[in-house]
Amino acid sequence: MSFDILASALGIVLQPAVLLSITLGAIYGLFIGALPGLTATMSTALLVPITFYMDPLPAISLIVSSTAMAISAGDIPGTLLRIPGTPASAAYTDESYQMTLKGKASQALSLGFFFSAMGGLIGATVLLLIGPMLARISLNFSSFEFFWLAVLGLLTCALVSGSNITRGFVSLMFGLLIATVGLDVTTGAPRFTFGQIELMGGVSFIPVMIGMFAFSEILRGFTTSKTGAQKMPELGRIVPFKGIGQLLRKYPFSALRGAALGTSVGALPGVGGDLAAWIAYGMSRRFSKTPEKFGTGHPEGLIEATSSNNAGLSSAWIPALVFGIPGDAVTAIAVGVLFMKGVAPGPRLFVENPTMPTAIIMTFFVANLLLFPLGYVAIKVARHVLSIPRSVIVPIILICCFLGSYAVNNTLFGVWIMLIAGIVGYLMERNGFPIAPVILGLVLGPVLERNFIMSMQIANGDLMGFFERPIACGLGILICGIFSLAVLNGARRWMTGETAKRRQKLLTEAEQVARTQNGDA
């Protein structure tokens, strides 16, 4: 890419109309992302009517900046109230909330915004330098590779489900079962719909996520309010971005590894950054020197997962710009806006009008740089959320739950799903079953099923077909190795526990015999 193209693209991006679009989009994304249930995709869809009256670059800049900020702002309700603002933040909501309970909410919010911006800048740099090459690699992925990638994402449930892997597996299976509701992928026949037309399209994970994280938290507060056990956590001293340099020195490879993973996964068409956050958090725990600290408010996993968020968001534009293939739902909307403006994404765009795609890529740099000042303001304002009395904040959370669930399909059915999911989530947590694997199974279930069936049809039912392609074979061997290690570790822990129980039983019996002999004497 020549210097003249870069200079020309930078001149276009620095125009007042483009900068104003980026700034307004970032403020709008901050507001939307901080509200539980209103996702980045939803915020982008709401902007489409406004883009009708804008030029191509300001229109795309509006979408880019709002999405980048919404993804990062989704950490705010997750950190303060244990209510994930976006599906990606659900991967590490429990971790960040535990930091809040320790009085480290300022640090949790700071690293969320800082490393999201850092990951976004790295992803934008990759998009600018080696976007076409990565896009060609991603086009080599078939249904076999996508299947293994989905399995890798599901394996992270064992890494984010606490110490009890069995209960995490049960929660995952429950999420996969919910994902089967709707029309069959191959035959189109309804499954588990019970005659309800609303269930034909499946169960949306947005109401389920809101219910299991937000509504169940409200139920837990009601059940413990009588004993006074439920208290709003203390924020501690709010100093935005304090200690970030120390964390960067302590975990230098976490941010780079998360950004690299987010860039690689986000470049795959149809995957997006949500899966990257789950995989990044799971991989961070797997390769950490202190995995026992995860789930207790440990910043290492947050650094890696938040870095992958915006990196995946940036790299999702690689297939969209280079080949016209949307990388996720957001880029699908953006590609539609570009076509509407008479700009056709694809290889010819880089030949006929290279300044336009370069300018779009450079808006990512400006949008992610805005995360620093706007993140500073958001962190300073965040303390007022927990200063609101519980009698006021609970109705506000309830309203957000209802609005977020209703806005998915504009029907009350989503609200009922949210209420039922909240009750189920409350009962699950009371009995020690983690919630995060349910959401993960619900998100990845359709991806897993669709690519498995397509692969089996291509391979004529031969399971060895999943290992015939080089990339698929490498992923398959990696995943089988991870699964084998998890099984061996589980068996070793079980045998160790059984040995300890047997030893304790023998000691107890020996003590009883000794007491009996002393009594006879």
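From the residues in the range 221-252 that are assigned to a helix (DSSP H, G or I) and at pLDDT 75 or above, which one is nearest to Gly297 (Cα to Cα)? If you could, list the steps in order and put the result at the bottom.
Step one: filter the range 221-252 for residues assigned to a helix (DSSP H, G or I), giving 221-224, 244-250, 252.
If we keep only those that are at pLDDT 75 or above too, we end up with 244-250, 252.
On the way: Ile244: 16, Gly245: 18, Gln246: 17, Leu247: 14, Leu248: 17, Arg249: 19, Lys250: 16, Pro252: 19 Å.
So the residue we want is Leu247.
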Would the range 30-49 turn up any residue that is modelled with pLDDT of 85 or more, part of a loop (DSSP other than H, G, I, E, B) and either over 30 Å from Met212 (Cβ atoms) or not hydroxyl-bearing (Ser, Thr, Tyr) (or both)? no
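Kindly indicate the residue of the range 303-345 that is among the charged types (D, E, K, R) and under 21 Å from the mean Cα position of the chain (by Cα) and also modelled with the lowest pLDDT among those meeting that condition.
Applying the first criterion (among the charged types (D, E, K, R)) to the range 303-345 yields 304, 328, 341.
Filter once more, so that each one left must be under 21 Å from the mean Cα position of the chain (by Cα): 304, 328.
Working: Glu304: 84, Asp328: 61.
Checking each candidate, the answer is Asp328.
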In the list Gly182, Gly188, Gly175, which residue meets the criterion of being modelled with pLDDT of 80 or more and on the phi > 0 side of the Ramachandran plot? Gly182
Hits in the range 452-464 (condition: in contact (Cβ under 8 Å) with a residue 40 or more places away in the chain and not small (Gly, Ala, Ser)): Phe452, Ile453, Met454, Ile458
Can you tell me which condition Val377 does not meet? The list is (1) loosely packed, with under 14 Cβ neighbours inside 10 Å; (2) modelled with pLDDT under 80; (3) under 24 Å from Met69 (Cβ atoms); (4) not polar (S, T, N, Q), and all the others hold. (2)
Can you name every residue in the range 178-218 that is closer than 13 Å to Phe413 by Cβ, in a loop (DSSP other than H, G, I, E, B), in contact (Cβ under 8 Å) with a residue 24 or more places away in the chain and among the aliphatic types (A, V, I, L, M)? Val203
Residue list for the range 253-271, filter: closer than 15 Å to Ser116 by Cα and modelled with pLDDT under 80: Gly266
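Tell me which residues, restricted to the range 174-199, are more than 19 Å from Tyr406 (Cβ to Cβ) and surrounded by fewer than 14 Cβ atoms within 10 Å (Cβ to Cβ).
The initial filter retains those residues of the range 174-199 that are more than 19 Å from Tyr406 (Cβ to Cβ), namely 174-195.
Residues satisfying the conditions are Asp184, Thr186, Thr187, Gly188, Ala189, Phe192, Phe194, Gly195.
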Go through the residues of the range 86-97 one by one and say whether even a single one is of a type in the set (S, T, N, Q) and either closer than 14 Å to Ala311 by Cβ or surrounded by fewer than 24 Cβ atoms within 10 Å (Cβ to Cβ) (or both). no
Pairs only if they're at least six apart or on different chains, beta carbon under 8 angstrom, first in the range 420-445 and under 12 Å from Leu176 (Cα atoms), second among the charged types (D, E, K, R) and in a helix (DSSP H, G or I); list them, first residue then second. Val443/Asp274
For Phe467, which of the numbered conditions (1) in contact (Cβ under 8 Å) with a residue 12 or more places away in the chain; (2) closer than 22 Å to Phe146 by Cβ fails to hold? (1)
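In the list Ser89, Ser43, which residue meets the criterion of being polar (S, T, N, Q) and in contact (Cβ under 8 Å) with a residue 60 or more places away in the chain?
The conditions single out Ser89.
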Name every residue in the range 54-74 that is of a type outside the set (A, V, I, L, M, F, W, C) and modelled with pLDDT of 80 or more, in order of residue number. Asp55, Pro56, Pro58, Ser61, Ser65, Ser66, Thr67, Ser72
Can you name the residue in the range 351-374 that is more than 27 Å from Ser308 (Cα to Cα) and assigned to a helix (DSSP H, G or I) and is also modelled with the lowest pLDDT among such residues? Val351
Within the range 406-428, work out how many residues are surrounded by 13 or more Cβ atoms within 10 Å (Cβ to Cβ) and at pLDDT below 80. 3
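The values are calculated or read from the model by the stated rules, or taken from the named source; none is laboratory data. In this text the structure is predicted, and so the values were computed from the model without any measurement. In this analysis, Cβ positions are derived from the backbone assuming ideal geometry, glycine residues included, and neighbour counts consider all displayed protein chains.
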